[in-house]
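Participant: This is the structure, below, for whatever I ask next.
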Amino acid sequence: MSDDEREERELDLTSPEVVTKYKSAAEIVNKALQLVLSECKPKAKIVDLCEKGDAFIKEQTGNMYKNVKKKIERGVAFPTCISVNNTVCHFSPLASDETVLEEGDILKIDMGCHIDGFIAVVGHTHVLHEGPVTGRAADVIAAANTAAEVALRLVRPGKKNSDVTEAIQKVAAAYDCKIVEGVLSHQMKQFVIDGNKVVLSVSNPETRVDEAEFEENEVYSIDIVTSTGDGKPKLLDEKQTTIYKRAVDKSYNLKMKASRFIFSEISQKFPIMPFTARDLEEKRARLGLVECVNHELLQPYPVLHEKPGDLVAHIKFTVLLMPNGSDRVTSHSLQELKYTKTIEDEPEIKAWLALPVKSKKKGGGKKKKGKKGDKVEESSQAEPMEG
């Protein structure tokens, strides 16, 4: 067997070592989410929380594969973001930002970890208050969670990406919510967070993707964002963008010294994975990043917003399409929800939810709960019980 063939064969889930790396990355990102959640309190600075999430991932991954001959890349695969209320995604501010959490905020926490390029991502929604979540906040979270549960059952060999797109829109409608446009669920491969096989959140004439069928031994990041608004988010301020990814297929001779300096730093420190401008030399960063983005050397992850007063929820998970079924490796239990809508009169949705997943337990990814179960249950269920 040639080296190329061996390399190709080792990259997917047929290799136990690859499965172990995905699951190790998942375990770390689940714990990082737990840590960040435990620190989410009124008046906590968002940037401090984001930095804690990233630092935990760096520390935990840094402790692994220390003594191997060949250096194994590992660390943050997507910087920690905390997007509040009508902010949809990618809010991970610079160190100088003073934004704090407030009582009653609906928080979306989003983060990713990788070991040797094998990526696990997670997204979770939490309301900052004691007691059960009620009203439209409960509806929008239930819509995202139910859509995620349906997607988990439809992202399986033999099904198509369009099956998932249609189903999650029906679920959101049952809760009188919208799936947010422009959010993509991607196949992931080694060092590739946004593979070519894609599930659209909403199908419309402007955004088309190739029809694709899911196959055994693939890995997907399933990304569900729901809104009580119209689901058409806007970019309000480009200065809020702090997360970028190097576009490896583009080249351009940068004119400004600051741009060349910053692009050289990015190429050395973050050649493949998304990164936050917080980790660059900040004085020159903003200036240099603009030219890099204008010439498509960097792909920005913009901070998007629904209208003020709209509520947005986000659930993201990583799923391994194993031969014996789907294995959801990232998740976190939700607060108690008292929603105003029900899917009792939705036979199609109930039928989807009745489809089997590898693990019969709701939520999937339960294998790891043994190691950290008490901690997870305690923190995520404490608030409803006190209320």
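Participant: Percent of Cα-Cα pairs per 10 Å bin, from 0 to the last occupied bin, for the stretch 242-301, please list those.
Facilitator: All Cα pairs, binned at 10 Å, distribute as 25, 66, 9 percent.
Participant: Would the stretch 17-88 count as rounded, prolate or oblate if I go by the C-alpha gyration tensor, calling it rounded below 1.5 in a/c and otherwise prolate when a/b exceeds b/c, oblate otherwise? List each step's numbers first, then the result.
Facilitator: On the way: a/c = 2.70, a/b = 2.29, b/c = 1.18.
Prolate, because a/c is 1.5 or more and a/b exceeds b/c.
Participant: Ignoring ligands, DNA and RNA, what percent of the accessible area of the chain is carbon or sulfur (1.4 Å)?
Facilitator: Carbon with sulfur: 51 percent of the solvent-accessible area.
Participant: Expressed as a rounded percentage, what relative contact order does the stretch 242-301 have, with Cα pairs under 8 Å and six or more residues apart?
Facilitator: Details: 84 pairs, mean separation 33.7, N = 60.
After rounding, I find 56 percent.
Participant: What pairs from K45/K338; K31/K52; K21/K250; K178/K307; K108/K234; K234/K341 go past 19 Å between their alpha carbons?
Facilitator: Values: K45/K338 29 Å; K31/K52 12 Å; K21/K250 30 Å; K178/K307 13 Å; K108/K234 17 Å; K234/K341 27 Å.
In this structure, K45/K338; K21/K250; K234/K341 exceed 19 Å between Cα atoms.
Participant: With r defined as the distance between the Cβ atoms of Y65 and S333 and R0 fixed at 41 Å, what FRET efficiency is calculated, to the nearest 0.05?
Facilitator: The formula returns an efficiency of 0.85 here.
Participant: Which links in K189/K316; K41/K245; K23/K358; K58/K197 stretch past 19 Å when you go from one Cα to the other? It would help to have the intermediate numbers written out before the result.
Facilitator: Numbers: K189/K316 17 Å; K41/K245 30 Å; K23/K358 16 Å; K58/K197 29 Å.
Result: K41/K245; K58/K197 exceed 19 Å.
Participant: Right, here's the next one. Which whole-number percent is the relative contact order of the stretch 93-252 (Cα, under 8 Å, 6+ apart)?
Facilitator: Working: 242 pairs, mean separation 36.7, N = 160.
It comes to 23 percent, rounded to a whole number.
Participant: Moving on to the next point. Would you tally the net charge around R260, using a Cβ to Cβ cut-off of less than 11 Å, leaving R260 out, and scoring K and R as +1, D and E as -1? Write out the running numbers ahead of the final one.
Facilitator: Details: positive: K255, K257, R284; negative: E265, E291.
Surrounding charge for R260 is +1.
Participant: So if I take the centroid of the Cα atoms in the stretch 274-341 and the same for the stretch 80-118, what is the distance between those two points in Å?
Facilitator: Taking the Cα centre of the stretch 80-118 as reference, the centre of the stretch 274-341 is 8 Å away.
Participant: Taking 0.36 nm per residue of separation and subtracting the Cα-Cα distance, what length does fully extending K170 through E215 add?
Facilitator: Working: separation 45, 0.36 × 45 = 16.20 nm, distance 2.41 nm.
Gain on extension, K170 to E215, equals 13.8 nm.
Participant: In a shell of Cβ-Cβ distance under 14 Å around A44, excluding A44 itself, what net charge do Lys and Arg (+1) and Asp and Glu (-1) give?
Facilitator: Numbers: positive: K41, K43, K45, K52; negative: E39, D48, E51, D97, E98, E102, E103, D105.
Once all neighbours under 14 Å are counted, the net charge is -4.
Participant: Additional query: With every protein chain kept in place and ligands, DNA and RNA left out, what is the accessible area per residue of the stretch 1-125? Probe 1.4 Å, answer in Å². All intermediate terms of the calculation are to be shown ahead of the outcome.
Facilitator: Values: 5300 Å² over 125 residues.
Per-residue accessible area for the stretch 1-125 comes out at 42 Å².
Participant: Calculate, for the stretch 242-301, the solvent-accessible area per residue in square angstrom, rolling a 1.4 angstrom probe over the heavy atoms of the protein chains.
Facilitator: Averaged over the residues of the stretch 242-301, the accessible area is 54 Å².
Participant: With the cut-off at 1.5 for a/c, could you classify the chain from its C-alpha gyration tensor as rounded, prolate or oblate? Kindly include the intermediate steps, with their values, before the conclusion.
Facilitator: Values: a/c = 1.40, a/b = 1.16, b/c = 1.21.
Verdict is rounded for the chain.
Participant: Can you give me the relative contact order of the chain as a percent, contacts being Cα pairs under 8 Å and 6 or more apart?
Facilitator: This gives 21 percent for the chain.
Participant: Please report how far the C-alpha centroid of the stretch 180-199 lies from that of the stretch 204-256, rounded to the nearest whole angstrom.
Facilitator: Comparing the Cα centres of the stretch 180-199 and the stretch 204-256, I get a distance of 8 Å.
Participant: If the cut-off is 18 Å between C-alpha atoms, which aspartates and glutamates fall inside it for K257, apart from same-chain ones fewer than 8 positions away?
Facilitator: E265, E281, E282, E291, E296
Participant: For the stretch 123-197, what does the alpha-carbon gyration tensor say about shape, rounded, prolate or oblate, given a ≥ b ≥ c as the root eigenvalues, a/c under 1.5 as rounded, and a/b over b/c as prolate?
Facilitator: Numbers: a/c = 2.50, a/b = 1.65, b/c = 1.52.
Because a/c hits 1.5 or more and a/b exceeds b/c, the stretch 123-197 counts as prolate.
The values are calculated or read from the model by the stated rules, or taken from the named source; none is laboratory data. Values in this document were obtained by computation on a predicted structure and should not be read as measured data. FYI the Cβ positions are ideal-geometry reconstructions off the backbone, even for glycines, and counts take in every protein chain you see. Surface areas here come from the heavy atoms of the whole protein model, side chains and all, with no ligands, DNA or RNA. Shrake-Rupley method; radii C 1.70, N 1.55, O 1.52, S 1.80 Å.
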